[in-house]
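Asks: The structure under discussion is supplied below as structure tokens; questions concerning it will follow.
The values are calculated or read from the model by the stated rules, or taken from the named source; none is laboratory data. Not measured: the values here are computed from a predicted model. For neighbour counting, all protein chains shown are included, and Cβ atoms are generated from backbone atoms with ideal geometry for every residue, glycine included.
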């Protein structure tokens, strides 16, 4: 039997069959997901530890190595990679594909708790971890530049105004900032002036640490009223740091501005990004799993004019 004979003898049925196939193809085309990589949810967790001022060797021996020993005992771990740099340690943990992500996060948290006694006591914050997917590359990268605003202030503006608005868009999974410099007060001490007054850098560090704390102040208990004391000890401007009293010489106060230059600068001056020839702050935008890339990018572009007007 010739297969084409059936379609030749029944032209109406053949026409209807072809129309049905074309309509099915049009409907299926509109439902196709747009993605450069297949939808594979890799159980991957990244652990980051910050230790400002530590060299890569210190980070390796004091932070990365203790964490690696604890993470290496977790069941289901297939791959572990670590990077130790100045002031930062990053460990990437990849588990089996059949590993439940909630179970993996519990194991990582338990390992961090077990390694806490082996880590330096003066860590500013404990190690933090977050779930990452190597297949989720940024769907859009925005470069923000300014000809009138310093980069630390621009970074603060992007972090508080732009990143939060974009993160609220449907389909956006994570918004991360790259190349931005966080605002900080930098104290440039003159060693000769310190030595002339019988002081050293440890005295300056102790003064700054003791003068920039935020602790409860207590309260006054009266017969009919209780008054809570509220005072902000946080120093935010160079002028506030400059007036700190470092010591007394013959009854006269020696202020920090007498032995150091206090300026408003960046937390890390060696961190930067460029858009063409202009220094910029980059916003890397990742989509949620399963979200259509083109629809997410279109929503972001539609919101950008209103964000720009608000700036």
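Asks: Do we have any residue at all in the stretch 294-306 that's assigned to a strand (DSSP E or B), under 28 Å from residue 155 (Cα atoms) and in the same structural domain as residue 161 (by TED's automatic domain parsing)?
Replies: no
Asks: Let me ask something else. Any residue at all in the stretch 80-91 that's farther than 30 Å from residue 294 by Cβ, outside the structural domain of residue 294 (by TED's automatic domain parsing) and exposed (fewer than 12 other Cβ atoms within 10 Å of the Cβ)?
Replies: yes
Asks: Here is a list of conditions, (1) more than 17 Å from residue 130 (Cβ to Cβ); (2) under 22 Å from the mean Cα position of the chain (by Cα), and residue 78 meets all of them except one; can you say which number that is?
Replies: With respect to (1) more than 17 Å from residue 130 (Cβ to Cβ); (2) under 22 Å from the mean Cα position of the chain (by Cα), residue 78 is out only on (2).
The rows are residues; the columns are (1) closer than 25 Å to residue 281 by Cα; (2) at pLDDT below 85; (3) touching a strand residue (DSSP E or B) at 6+ places or on another chain (Cβ under 7 Å).
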residue	(1), (2), (3)
69	no, no, no
85	yes, no, no
96	no, no, yes
116	no, no, no
135	yes, yes, no
138	yes, no, yes
154	yes, no, yes
159	yes, no, yes
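Asks: Quick one: which helices (runs of 4 or more DSSP H) sit completely within the stretch 42-157 and have at least 3 residues that are without any contact (Cβ under 8 Å) to a residue 12 or more places away in the chain? Spell out how you get there, then give the answer.
Replies: Details: elements: 56-59, 65-71, 101-115, 151-157.
Counting at least 3 such residues, we get 101-115.
Asks: Looking at 207, 199, can you tell me which residue is modelled with pLDDT of 85 or more, assigned by TED's automatic domain parsing to the domain that holds residue 252, out of contact with any helix residue (DSSP H, G or I) (no Cβ under 6 Å at 6 or more places or on another chain) and in a loop (DSSP other than H, G, I, E, B)?
Replies: Every option except 199 fails the conditions.
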